[in-house]
Amino acid sequence: MRLTLLCFKLFVCTLLIAASVVEAGISVSDNQGRVIDIAQPARRVIALAPHITENLFAIGAGPYLVGVASHSDYPVAATELPVVGGSQSFNLEAIIKLQPDLIIAWPGGNPQLPLQRLEQMGIPVYYSDPHEFSDIPFNLRALGELFQLPGAEQQAILFEERLQALQQRFNRSEKLRVFYQLWNQPLMTINHTQLVDRVIGLCGGTNVFSEHKEVIPRLGVESVLLTDPQIILTGENVPEGWERQWQRWPTLSASRYAQFYRLNEDLLYRPTMRILDGAEQMCTLMQQAREVVTQ
């Protein structure tokens with residue numbers, strides 16, 4: 001009888017605790033310091049950028065996605081989800097029709113007025129806009145809270161541990177002057193605000209245009225020649241033969257040592273777990289270049 005009474009009391013206590021959690025709801029801060037409050041774990045969610053979709057799958061929230069932005073192509077399961085438009089121009093009516101209980105947006109690319117309208121309709125909007133390595137595990141943990149998925153913490157720790165290992169392996173290497181060629185015509189690069197700049201630093205390099213005032217500077221060839229980069233990196237989508245532009249200048253350090261490399265852009269441009277795959281690729285190539293140009 002006493003055991004039965006004890007079990008009943010424990011059962012009642014469990015119900016009370018669960019009820020208090022539901023009543024309290026979930027409160028999470030996003031990358032802009034905005035506090036997002038939801039009454040219960042998110043279960044019908046729309047991701048408005050490819051990196052958001054990828055991060056949601058990484059923490060196990062894929063089954064709760066009801067819509068994504070175009071180019072959400074990783075993992076493969078993401079390609080089977082309804083597309084609500086592009087990151088910079090999404091279909092508001094399509095979003096409303098899907099009846100989401102949470103929107104996860106990218107303030108760096110999504111238009112603000114439609115997002116504000118969604119919030120006015122009572123749909124919570126979480127802003128994901130990582131600019132530092134530390135922002136990625138922060139996002140994973142925050143998203144895990146919104147979905148109440150304990151696996152998010154494991155993914156965040158895994159990212160932090162792998163980042164630390166790469167830092168210990170490459171960060172003390174002799175510095176290399178790096179020009180990252182974002183595109184060839186017009187000639188473009190990135191400044192210090194971009195995560196690619198962080199990857200260059202992680203690999204023991206110095207982005208020669210890191211301090212440029214423009215986020216995506218457009219350059220003349222002469223300005224690159226003046227910085228005399230020892231290695232020039234670009235993405236796989238840049239047209240073939242891009243390096244011939246620089247081989248015309250044999251006194252350029254990168255030309256003298258033939259240090260031109262292409263990288264997987266998806267691994268470098270999306271602030272997700274896979275950016276460390278891109279970092280490892282870049283660091284390995286830069287180490288090869290280091291052994292040539294510093295001998």
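Quick notes on this structure:
- Residue satisfying all of: in region 231-247; open to solvent by less than 30 Å² (accessible area, probe 1.4 Å) and touching a residue at least 60 places away in the same chain (Cβ under 8 Å); nearest to Arg177 (Cα to Cα) among these: Ile231
- There is no residue in region 273-281 that is part of a strand (DSSP E or B), open to solvent by less than 10 Å² (accessible area, probe 1.4 Å), out of contact with any His (no Cβ under 8 Å at 6 or more places or on another chain) and within 29 Å of Ser134 (Cα to Cα).
- Test: Met286 is under 10 Å from the mean Cα position of the chain (by Cα), buried (at least 19 other Cβ atoms within 10 Å of the Cβ) and touching a residue at least 24 places away in the same chain (Cβ under 8 Å): no
- Check on Ala58, under 21 Å from Gln154 (Cα atoms), open to solvent by less than 50 Å² (accessible area, probe 1.4 Å), touching a Leu at 6+ places or on another chain (Cβ under 6 Å) and at pLDDT 95 or above: no
- Yes/no for Pro250 being surrounded by fewer than 17 Cβ atoms within 10 Å (Cβ to Cβ) and touching a strand residue (DSSP E or B) at 6+ places or on another chain (Cβ under 8 Å): no
- Test for Phe170: is it closer than 22 Å to Val292 by Cα and at pLDDT below 95: yes
- Selection status of Ile216, among the hydrophobic types (A, V, I, L, M, F, W, C) and open to solvent by less than 10 Å² (accessible area, probe 1.4 Å): no
The values are calculated or read from the model by the stated rules, or taken from the named source; none is laboratory data. Predicted model, so just to flag it, every value in this text is computed and none were measured. No Cβ is skipped: glycine too gets one built from the backbone with ideal geometry, and neighbour counts run over all protein chains shown. Side chains included, ligands, DNA and RNA excluded: accessible areas come from the protein's heavy atoms. Shrake-Rupley method; radii C 1.70, N 1.55, O 1.52, S 1.80 Å.
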